[in-house]
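Only one structure is covered here, and it is reproduced in the block below.
The values are calculated or read from the model by the stated rules, or taken from the named source; none is laboratory data. Source: prediction; values computed, not measured. So basically every Cβ, Gly included, is an ideal-geometry build from the backbone, and we count neighbours across all protein chains shown.
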Amino acid sequence: MIIWRYLCRQIFSKLLLVAISVSLLELLITMMGELTYSDLSMGKAALVTVMETPLRMTELAPVVFLVALLVTLGGLANSSELVVMQACGITKLKIIAFSAMLLVSTHIAWLITIDYVKGPLSHATLQIRDGVGDSSEVFSGVFMDAGKLVAAQVDGDALKDVRQFEINDGKIEAFQHAPNLAYDERRDRWLAEDVSALSITPNGLVQQVSDSTDIDISATPEVVQYLFGQSASLSFVELVDYKMLSMTGRLYVRKMEVAFWDRLSQPITTFALLLLSASFVFGSTRKVSASERIIQGTVIGVALVLVQDLLAAINAAVAAPAFVFALLPAALVFVVASYRLVKA
């Protein structure tokens, strides 16, 4: 028990040191970018940079945990403390499993914490950048709804400047426009004012006048928010809600799908990288010293995280299943790490 407490203390002390070092470096680089490329004053640029640092550290978390474990186990190996632990009956597998589970649990706790503050932080930084005090956020976009193309702006639970195109065999046959739409939950319909409609016939455009206030859009405000919302600002709970909704067949948004699997794969990727880092520390030091192995592991870990970011960008643009690109790097790292550990 004393050994486990000692190992836990060593891991968390190195994790804190690495996290502070990476945060300060990220803070400095981002601050320079804000002052160079934005129109914010120095005070506002500093405030925005500090507020966005926790969100950016979430992206760098796998690298932070990787380096922390490399430094911890590498330091214990250089001081022969790992040899003493193994002499006490603690196997390499137990040391690796304990360290990996401890850091993965910490990563999950960090992700849960960030989920609670992500929305307010993102909104606050947006207000500072735009210089406005309005709490509403307006998103624009297009989506297909029951064979109709809909273009609109989303302002909370309302739709503005709605244009609906009825398409048949690749040709636009009718067009409707409404300046404002509000959702009537009791009637389960979108209600509009001043609806204008046009029919496209072989003889030309025919304007239609209708007293109806209904616009035939089946998507509810919740679905519309997912269609137009920013996936990066959604919490994991909201992404799970989207996934449950998409499994009913009512909704599929590629960027939301990619965001869901990317968020889900983060702890898995961290676990695979921790196994890889352990394989570098516990490898043979006859040809390469432990310090050199720490540097090698850090470089490879950073490269793998960059590759995962690249695959995430590709994932948003291709038609392949989103989970394949999200989980593929972690699976490959896990196989390589397991092979190296068994060989060691």
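Of the residues examined, LEU159 is one that is modelled with pLDDT of 75 or more, surrounded by 14 or more Cβ atoms within 10 Å (Cβ to Cβ) and not assigned by TED's automatic domain parsing to the domain that holds THR58. On inspection, LEU69 fails the criterion of being touching a Leu at 6+ places or on another chain (Cβ under 7 Å), more than 30 Å from VAL237 (Cα to Cα) and not small (Gly, Ala, Ser).
In segment 64-102, of all residues being surrounded by 17 or more Cβ atoms within 10 Å (Cβ to Cβ) and hydroxyl-bearing (Ser, Thr, Tyr), the one that is nearest to ILE300 (Cα to Cα) corresponds to THR72. Hey, can you tell me all the residues within segment 252-262 that are surrounded by 20 or more Cβ atoms within 10 Å (Cβ to Cβ) and charged (D, E, K, R)? Residues satisfying the conditions are GLU257, ASP262. Only one of the numbered conditions (1) in a helix (DSSP H, G or I); (2) under 19 Å from MET1 (Cβ atoms); (3) among the hydrophobic types (A, V, I, L, M, F, W, C); (4) modelled with pLDDT under 85 is violated by VAL83, and that is (2).
Listed here are the residues, each with its yes/no results for (1) closer than 20 Å to VAL305 by Cα; (2) at pLDDT below 75; (3) not aromatic (Phe, Trp, Tyr).
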residue	(1), (2), (3)
VAL223	no, yes, yes
TYR242	no, no, no
SER246	no, no, yes
SER265	yes, no, yes
ILE268	yes, no, yes
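If you filter segment 1-43 down to residues that are surrounded by 16 or more Cβ atoms within 10 Å (Cβ to Cβ) and charged (D, E, K, R), you find that the one that is modelled with the highest pLDDT is LYS14.
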